[in-house]
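Contents: one structure, followed by commentary.
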Amino acid sequence: MASFDPKGISTAKLHGYLLSAVAPRPIAFASTMDADGKPNLSPFSFFNVFSANPPILIFSPARRVRDNTTKHTLENAKETKEVVINVVNYDIVQQMSLSSTEYEKGVNEFEKSGLTMLESELVKPFRVAESPIQFECKVNEIIALGTEGGAGNLIICEVVKFHIDDSVMDDNNVIIQEKLDLVARAGGSYYNRAKKGFFEIPKPLSTLGIGVDAMPSEVKNSMILTGNDLGMLGNIEVLPSKKEVEAFIDNVSERYPNIREMSHRQKHKIARNYLSYGDVNSAWKLLLS
C-alpha cells in the first residue's frame, strides 16, 4: 500500500487524490449576486447538509491551486450574504459543467449555460428554473480554512425557503429518488449518476467556450436538442468556418444524400447522434450547414 505525507506532495497532487478518494460528492449549484446586482452561477462539490434544526447547508469554494485567487461566488457571498443552492440532476449536468468555466467577473453564467433565471422569494440571487430542488439561503458565516492555494472557505448557509418540483414527489409529498435522478462529482472528469453509476464529462475549456448565448437562434431554441446537448455545444472555443462546414458536408453526403435539403429538425436529430458519441465538432458542422 502506498503511503503519503500531505506535506510531502504538491497541493495539486493532493487535491487530485482527495477528490478521487472522497467520492461521489453532492454538487451545490450556487447562484449568487454581487453588490451591483450582477448574477453569478457556479457548481461546487465540497458540499453537504449538516443540520435540520436549523436547516444548514455548507459548501466550500476553495482558493485556486494554480494562482491562489478566489472565486466570484465567495466574493459575492461575502458582499451580499445570500445564496441559492440548486441541486443538479442528470438533465442539466452538461449545462452545469459549462457554467464552471472561469468567465470574467460580470459575465452571466445563466446565459452562457442556457439555464433560466427564476426569481427567488426571500433572497436576491436567482434560482435555476431547471433544477428540481432549489434552496434559498442566508449566509450565516464564512470560515476561511487557510490563505494558500487549495484552502477552502466554508460558507455556512441557513435555508429560509426551498422549492421542490412536483414531478419528483409522490402523492404524500415524499421525494422519489429515482425521479430526482441526482448527479454527484468524483475525481478527474468523472461524475456519478445516482441510479446508473459513473460517467465522464470533459472539463470545460480553459480558453472559454462560446456558451449557449453565442449560438445561432435556431440552435439554442431547438425543439430537438436538450439542455445537455446545448451544454456540450457551448464548450467549444470557436465555431467551424464555412470552409470546414462545406468539407464536412461533402464527406458525409454519401451517407446522407439529401443532407443539403434537410430541415433544421432533421439535422438536429443527426447532430444529437454525433453528440451522443462526444463528437461536438461534427455536430456543429452539421448544424451550421
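State whether one or more residues within the stretch 222-235 are open to solvent by 60 Å² or more (accessible area, probe 1.4 Å) and assigned to a strand (DSSP E or B). Steps first, answer last, please.
Taking the stretch 222-235 first, the residues open to solvent by 60 Å² or more (accessible area, probe 1.4 Å) are 223.
Okay, now just the ones that are also assigned to a strand (DSSP E or B), so none.
No, that holds for no residue.
Return yes or no: is ILE143 outside any loop (DSSP other than H, G, I, E, B) and surrounded by fewer than 16 Cβ atoms within 10 Å (Cβ to Cβ)? Let's see the steps before the verdict.
Details: outside any loop (DSSP other than H, G, I, E, B): yes; surrounded by fewer than 16 Cβ atoms within 10 Å (Cβ to Cβ): yes.
In short, yes.
Starting from residues that are of a type in the set (Asp, Glu) and surrounded by 11 or more Cβ atoms within 10 Å (Cβ to Cβ), keep the ones in the stretch 162-192 and report whichever is nearest to the chain's Cα centre (by Cα). Break it down into steps so the answer makes sense when it comes.
Taking the stretch 162-192 as the starting set, the residues that turn out to be of a type in the set (Asp, Glu) are 165-166, 170-171, 178, 181.
Of the ones still in play, those that are also surrounded by 11 or more Cβ atoms within 10 Å (Cβ to Cβ) are 165, 181.
Values: ASP165: 19, ASP181: 15 Å.
Among those residues, the one meeting the criterion is ASP181.
Hey, any hits in the stretch 123-144 for a residue that's more than 19 Å from THR70 (Cβ to Cβ) and of a type in the set (Gly, Ala, Ser)? Walk me through how you get there before you give the answer.
From the stretch 123-144, those more than 19 Å from THR70 (Cβ to Cβ) are 123-124, 126-138, 140; that's our starting set.
The next check asks that each one be of a type in the set (Gly, Ala, Ser); those that pass are 129, 131.
Within the stretch 123-144, one or more residues are more than 19 Å from THR70 (Cβ to Cβ) and of a type in the set (Gly, Ala, Ser).
Can you work out which of the residues in the stretch 193-202 that are of a type outside the set (Asp, Glu) and outside any loop (DSSP other than H, G, I, E, B) is least open to solvent (accessible area, probe 1.4 Å)? Break it down stepwise before answering.
Within the stretch 193-202, the first condition is being of a type outside the set (Asp, Glu), and the residues that meet it are 193-199, 201-202.
Filter once more, so that each one left must be outside any loop (DSSP other than H, G, I, E, B): 193, 197-199.
Numbers: ARG193: 40, GLY197: 24, PHE198: 126, PHE199: 44 Å².
Restricting to residues being of a type outside the set (Asp, Glu) and outside any loop (DSSP other than H, G, I, E, B), the top hit is GLY197.
Which ones in the stretch 206-221 are open to solvent by less than 30 Å² (accessible area, probe 1.4 Å) and either closer than 14 Å to ILE270 by Cα or not in a helix (DSSP H, G or I) (or both)? Talk me through it step by step, then tell me what you get.
So in the stretch 206-221, the residues open to solvent by less than 30 Å² (accessible area, probe 1.4 Å) come out as 209-212, 215, 219.
Answer for the stretch 206-221, where residues must be open to solvent by less than 30 Å² (accessible area, probe 1.4 Å) and either closer than 14 Å to ILE270 by Cα or not in a helix (DSSP H, G or I) (or both): GLY209, ILE210, GLY211, MET215, VAL219.
Residues to consider are HIS264, HIS268; find the one that is in contact with an Asp or Glu (Cβ under 9 Å, 6 or more places away or on another chain), within 29 Å of GLU109 (Cβ to Cβ) and at pLDDT 95 or above.
On the way: HIS264 fails: at pLDDT 95 or above.
After applying the criteria, what remains is HIS268.
Determine if the stretch 68-78 includes at least one residue that is in contact with a strand residue (DSSP E or B) (Cβ under 8 Å, 6 or more places away or on another chain) and without any contact (Cβ under 8 Å) to a residue 40 or more places away in the chain.
Filtering the stretch 68-78 for residues in contact with a strand residue (DSSP E or B) (Cβ under 8 Å, 6 or more places away or on another chain) gives 70-74, 76-78.
Okay, now just the ones that are also without any contact (Cβ under 8 Å) to a residue 40 or more places away in the chain, so 71.
The answer is yes; a qualifying residue exists.
Hey, can you tell me all the residues within the stretch 153-172 that are in contact with a strand residue (DSSP E or B) (Cβ under 8 Å, 6 or more places away or on another chain) and assigned to a loop (DSSP other than H, G, I, E, B)?
First, the residues of the stretch 153-172 that are in contact with a strand residue (DSSP E or B) (Cβ under 8 Å, 6 or more places away or on another chain): 153-165, 168-169.
Scanning the stretch 153-172 gives a single hit, ASP165.
Which one is modelled with the lowest pLDDT among residues in the stretch 138-180 that are acidic (Asp, Glu) and over 20 Å from ALA30 (Cβ atoms)?
To start, the set of residues in the stretch 138-180 that are acidic (Asp, Glu) comprises 141, 148, 158, 165-166, 170-171, 178.
From what's left, over 20 Å from ALA30 (Cβ atoms): 148, 166, 170-171, 178.
On the way: GLU148: 92, ASP166: 97, ASP170: 96, ASP171: 95, GLU178: 95.
Within the stretch 138-180, the match that is modelled with the lowest pLDDT is GLU148.
Please go through the stretch 194-213 and give me each residue that is touching a helix residue (DSSP H, G or I) at 6+ places or on another chain (Cβ under 8 Å), at pLDDT 90 or above and either small (Gly, Ala, Ser) or closer than 17 Å to TYR103 by Cα (or both), ordered by number.
ILE210, GLY211, VAL212, ASP213
Assuming ASN228 fulfils every condition listed in (1) polar (S, T, N, Q); (2) farther than 19 Å from GLY278 by Cα; (3) touching a helix residue (DSSP H, G or I) at 6+ places or on another chain (Cβ under 7 Å) apart from one, which condition is it?
Evaluating ASN228 over (1) polar (S, T, N, Q); (2) farther than 19 Å from GLY278 by Cα; (3) touching a helix residue (DSSP H, G or I) at 6+ places or on another chain (Cβ under 7 Å) leaves (2) as the failure.
Where in the stretch 14-125 are there strands (runs of 3 or more DSSP E), lying fully within it, with 1 or more residues that are open to solvent by 20 Å² or more (accessible area, probe 1.4 Å) and of a type in the set (A, V, I, L, M, F, W, C)? If you could, list the steps in order and put the result at the bottom.
Working: elements: 28-33, 39-44, 47-52, 55-59, 82-86.
Ranges flagged: 28-33, 47-52, 55-59.
The values are calculated or read from the model by the stated rules, or taken from the named source; none is laboratory data. Computed from a prediction, not measured in an experiment: that's the story for all the values here. Please note: Cβ atoms are built from the backbone with ideal geometry, for glycine as well, and neighbour counts cover all protein chains shown. Areas reflect the complete protein model, heavy atoms only, side chains present, ligands, DNA and RNA absent. Shrake-Rupley method; radii C 1.70, N 1.55, O 1.52, S 1.80 Å.
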